[in-house]
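Please read the structure below before turning to the comments.
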Amino acid sequence: MENFFLDNEDILFQLDHIDLDRVIAFKEDDFREAQKYSYAPVDAADAMDSYKKVLNIIGEISGETLEPLAAEIDEEGVFLENGEVRYAKGTKLVMDMFAKADLMGFCLPRKYGGLNFPTTMLTIAGEIVSRADASFLNFGLQQDIGETINKFASDQQKASVLPKLASGEYGSSMILTEPDAGSDLQAVNLRAHQDANGNWFLNGVKRFITNGNGTVGLVLARSEDGQTGARGLSFFLYTRDKHMKIRRLEHKLGIHGSPTCELQFNNAPATLVGERRRGLTRYTMWLMNSARLGIASQALGIAEASYREADKYAKERIQFGKTIRELPPVYEMLTDMRVAIEAGRTLLYETAKIVDLKEGLEHMKEKYPERSAEFKSDIKKYSRLANLLTPMIKAYNTEMANKAAYDAIQIHGGTGYMQEFNVERHYRDARITNIYEGTTQLQVVAAIGGVTSGAATALLDEYDSENYSYAPALQKKLQKSRLDFEKALIGVKEADNEDFLNFHARRCVEMATDLVQGYLLLRDAEYSKRKMRIAEIFIEKMQTRIHMHMHYIIDGGSTFLKNFSDVIG
Amino acid sequence: MGLNLIVLVKQVPDTQNITGEAMKEDGTVNRAVLPAIFNPEDLHALEAALTLKDTIPGTQVHVITMGPPSAIQVLKESLYRGADSVALVSDRKFAGADTLATSYALKCAIEKIGNYDIIFCGRQAIDGDTAQVGPQTAEKLNLNQITCVSNIEKVDTEKRLILARRSIEGGYELVQAPLPVLLTITDEGYSPRPPSVIKVMTFKNASAEMSEEKYDESYIDSKVEQKSNQAINLWDINAINADPESCGLSGSPTKVKKIESVILVSADIRMVENSQDAISGMVHELIADHTLG
C-alpha cells in the first residue's frame, strides 16, 4: 500500500513538532462550530488528529492511484473539443475521487461545505499530491480562488459559487495574464464596462490561463476608462457562460495534465469583487501570495519525487563493481538534494504557519472589532513576515526543485534522459514552477524590501534568541554568517545606488533565505540526530555561500555593472 | 421509492501484504504479521450498494459484520464511505463458528433489520476463501441469489426487478430476479470510493458500548471517545434473537481435524519439443502417472 503521507518521515517529523495551537485557536474560534457540525473539532488535539487523518487519505489516493497514472496523464495531455477542455482519463478519475472524498473545499468555511483547514495543512497536502503528479495540484487542490472569494466577495457572491467549489462541481481559475501583460500586470487591458443598470461586462483576451475552463473565474480587468496603471484595474467574479470562448490550449514543456487556455471574453457578464480600482493592488496581490505558497509546495513535491527516484536508481545501478550510490559525486548529489528538500520543507511550513497566523488575526479583528487593539501589533508583525517569507520560499523551493530534478537525471545518466523514466517528467514539470505565479526574479523584487528594511534582521534576532544549548557550535557558525550578511547589507546600502541594489538583490535575498533556513534546521535538530546531521551539513555549506556572496558584493560587484553593456551590447 | 439495502462485510487478515512469516510453527495463522483489513470484495459489495443509493433517492444502506470488537474498524470504514447504519454482531457464543453457524447468525441479524430489498456480500473472503456465507445466508432466508455479480445493470423499483451481470467462465450472463434478492459481488465492476474526509472526521471516534468482561481482549479504547455518537450498534446473541445451539462451535458441523502448513514447491520445468510425437508422448506420460484422465 503506497501512502505518500505515511512514508515521508520528514513530514511526519514536522507535524509532530509544529505548534499550531494558536493557528487552530483562530481558525476554530473557541471551537464554536463543534456544536453545529459533526466534523468540527472540539479542541486543538482533535483538530490535529483530523488533519493527520485527512492527510493520510490524501497520501493514499496520491500513492495508490494518482502516481501510477501520472505518466499516462503526461502522455495523454489535455484536449480542446468543441470549445470545451477534456482532461486526461487519469486526471478525471482522481478528480472524481477527490470530490467524493469531500476534499475540494479544503480551506473553505464549513458553512459552504468546506473543511476549514489551515494553509499549513494545504501546503502539506499540496506537496503530497504534487509528488504523485505535479499537474494535478492546479485543479485538484485549487483553493486560492475560493479563498480569495471568501475573503473579499459579497455574501451573495460567496453563496453563489463557494458551495459548488467545495463539492467539486465547479472548477476555478485566476484570469490575470494577457499577451502584453505578464510579469507587468499593470498593463492589463481587458475591458470591463457597466451598462445603464450598473451591470458589468468583460471584453478582451486573456492568455496562459491555467485551468481557464473552470466554471468560476476571477478576472483582472480595466474598469476605469482612460486610467492607465494599477489604479485603473478592478477584480471581477465571472461564471462560465456562452460569452466566453476558449480559443486554444497551449502545448507545453511540462505539466501536461493541466490545461493552459487562451480565453476570449465577448461581453461576458461579471460581478465586481470588493472595491473598484483595487483589483491589482489588493485582491490580485493577496491571491498571488496565496498561490505562491501553493507553487512552493508543488515544487517541493516534484523535488521529493525526483530525490526518491534518484535514490532508488542509485541503489540499484551497479558500475565499477559497486552501486553508484557509493561513489562520492553521486552520494554528494543525493545528500545535497535531501538537505535542500528538508531546508525547503521547514521554511515552507514556517511560512505557512505565519500566513495562517496573519489570516487568523485579521479574521478575528474583523469579527471582533472591539478587540482590534489586542491584535494590531501581531497583525503588523506577521504581515511583514508573510510578505518577506512567501516570495522567499517560492523562489527557494522552485529553484531547488529544478536543481533536484536536474541532478536526478544526472544520477540516472543516459537512462534518465529517456521518457520511460519518471525523472524526465519531473524535470519538465519543475521548469514552470519558477516562472508562474511570478518568476524567481519577481520574488526577489517582492522579498528584497523585507531583507533591507529590517524585517529579516528582526526575524533572525528572534531565532537567535532561542535556546540552542544542544548545539552551541552551530549557533556560533550561524552568528558568524550573520555578520557576513550584515556586512553585505551595509555595503549595498552605503553604495546608495538603485542599480547596485537591484543587481545584488538576488544575492541578498539568498543570503537571508540561507540564514533563516539555517536557524530553522538548527531548531529541528533538537529533536533528532538525523536532523542534527542535516543542520551540520546545511550550515557548513551555507557559510561558504554567504561568505562568497558577501565578498562579491563588497569587492567585485561594481565591475559587472560597468562592463555588462560592453559585453552584451 | 428508496430501497433498503444490507451489506455483509468481514474483517480479514491481509493475506496479500504479508510482512513476515504468515504461519506459526504449529501451523496456525500468525495474526501479528497480518494487518486486519476490509475484505476486498466486500468493499466492492459496499460500493455496489452505495452506487444504488446515489441513484435511487431515499435508499438506505445498512452494514453488518460479525466478528471480535476490532471488527468495528470495517464498520467505521463503511460509515466513512456513506453507510447509513452499521451493526457489529459480536458475542463470545459466536466463537468458533464455521460458515453454517456464521450464516445463521447473519440471517438473524438481517431479520432484525427486516424489510430488505437487496442483500450484498463480497463473493468470497481472502482468509477462508470458501465463498459459502453469501449463498448459505440466502438459503436460510429463503431468498433468490445471484452469485459472482460484476455489475448491476438495472433495478426497477416499480416492478421490483433486478437485472445483474454475472461473471461466468469465458464471459458473462445477464440474470433477472425479483426483489428481494441476495447478490455476491466480484471485484470486477465497481471501484470502491475513497472515504469522505468529512465522514472520517465525524465518525473517527465512533465506538460501540461494550463491557470489558465479555471479551478476552478489547481493541476499543474508551479514552478516545470524545464525541458521544452512537453510530455503531452492538448486537449480541440476544439482540438478534439467535438460538445458542445453532451458533458458534455447537452450531458448526465443520470440525478441524488437523492444520498443516503446506509449502508449495514448484518442480523443475521440462521442455517438450514442438512436434506431434513429443506432445503425444508427454500426454501419454501424464495419463500413465494419473495427472490426466
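Annotations
- Selected residue (only one of A:Val85, A:Val94 is in contact with a strand residue (DSSP E or B) (Cβ under 9 Å, 6 or more places away or on another chain) and not polar (S, T, N, Q)): A:Val85
- Residue identified as over 30 Å from A:Gln419 (Cβ atoms), within 12 Å of chain B (Cβ to nearest Cβ), of a type in the set (A, V, I, L, M, F, W, C) and crowded, with 16+ Cβ neighbours inside 10 Å among A:Met104, A:Met97: A:Met104
Listed here are the residues, each with its yes/no results for (1) closer than 19 Å to A:Val492 by Cα; (2) at pLDDT 95 or above; (3) not assigned by TED's automatic domain parsing to the domain that holds A:Lys476.
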position	(1), (2), (3)
A:Arg506	yes, yes, no
A:Thr513	yes, yes, no
A:Val516	no, yes, no
A:Leu521	no, yes, no
A:Met532	no, yes, no
A:Ile539	no, yes, no
A:His549	yes, yes, no
A:Asp555	yes, no, no
A:Gly569	no, no, yes
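- Among the residues of the stretch B:183-201, some residue qualifies, meaning at least one is away from chain A (no Cβ under 14 Å), in contact with a Pro (Cβ under 8 Å, 6 or more places away or on another chain) and buried (at least 23 other Cβ atoms within 10 Å of the Cβ).
- Test: residue in the stretch B:55-67 that is in contact with a Pro (Cβ under 8 Å, 6 or more places away or on another chain), assigned to a loop (DSSP other than H, G, I, E, B) and more than 17 Å from B:Ser196 (Cα to Cα): no
- Meets criteria (farther than 17 Å from A:Gly182 by Cα and either among the basic types (Lys, Arg) or crowded, with 24+ Cβ neighbours inside 10 Å (or both)) for A:Gly226: no
- Just one residue in the set A:Val85, A:Val23 is β-branched (Val, Ile, Thr), outside any helix (DSSP H, G or I) and more than 10 Å from chain B (Cβ to nearest Cβ); that residue is A:Val85.
- Failed item, numbered, when A:Gln157 is tested on (1) part of a helix (DSSP H, G or I); (2) crowded, with 20+ Cβ neighbours inside 10 Å: (2)
- Members of the stretch A:33-54 found to be touching an Asp or Glu at 6+ places or on another chain (Cβ under 6 Å) and more than 9 Å from every other protein chain (Cβ to nearest Cβ), listed by number: A:Ala44
- Within the stretch B:251-293, the residues that satisfy the criterion of being surrounded by 11 or more Cβ atoms within 10 Å (Cβ to Cβ) and in contact (Cβ under 8 Å) with a residue 40 or more places away in the chain are B:Gly251, B:Ser252, B:Thr254, B:Ile259, B:Ser261.
- Counting the residues of the stretch A:198-212 that are over 28 Å from A:Gly77 (Cβ atoms) and surrounded by fewer than 22 Cβ atoms within 10 Å (Cβ to Cβ) gives 5.
- Those residues of the stretch A:101-114 which are in contact (Cβ under 8 Å) with a residue 24 or more places away in the chain and either part of a helix (DSSP H, G or I) or not assigned by TED's automatic domain parsing to the domain that holds A:Gly146 (or both), in sequence order: A:Arg110, A:Tyr112
- A:Leu501 at pLDDT below 95 and either assigned by TED's automatic domain parsing to the domain that holds A:Ile448 or surrounded by fewer than 14 Cβ atoms within 10 Å (Cβ to Cβ) (or both): yes
- Residue within the stretch A:60-81 that is over 28 Å from A:Lys111 (Cα atoms), under 25 Å from the mean Cα position of the chain (by Cα), at pLDDT 95 or above and polar (S, T, N, Q) present: yes
- Residue in the stretch B:26-66 that is modelled with the lowest pLDDT, counting only those that are over 20 Å from B:Asn4 (Cβ atoms) and small (Gly, Ala, Ser): B:Gly27
- In the stretch A:122-143, the residues that are over 17 Å from A:Val355 (Cα atoms) form Cβ pairs under 8 Å with partners that are aliphatic (A, V, I, L, M) and modelled with pLDDT under 95, at six or more places apart or across chains, as follows: A:Val129/A:Leu137; A:Val129/A:Leu141; A:Ser130/A:Leu137.
- Among the conditions (1) among the polar types (S, T, N, Q); (2) assigned to a helix (DSSP H, G or I); (3) free of Cβ contacts under 8 Å to residues at least 60 places away in the same chain, the only one that A:Ser62 does not satisfy is (3).
- Criterion violated by A:Tyr436 - all others in (1) touching a residue at least 60 places away in the same chain (Cβ under 8 Å); (2) touching a Phe, Trp or Tyr at 6+ places or on another chain (Cβ under 9 Å); (3) assigned to a helix (DSSP H, G or I) satisfied: (3)
- Any hit, the stretch A:371-380, residues being surrounded by fewer than 24 Cβ atoms within 10 Å (Cβ to Cβ), hydroxyl-bearing (Ser, Thr, Tyr), in contact (Cβ under 8 Å) with a residue 40 or more places away in the chain and more than 23 Å from A:Phe117 (Cα to Cα): no
The values are calculated or read from the model by the stated rules, or taken from the named source; none is laboratory data. Treat the numbers as computed from the prediction; the structure is a model and nothing was measured. Positions of Cβ are generated from backbone atoms using ideal geometry, with glycine treated the same way; all protein chains shown enter the neighbour counts.
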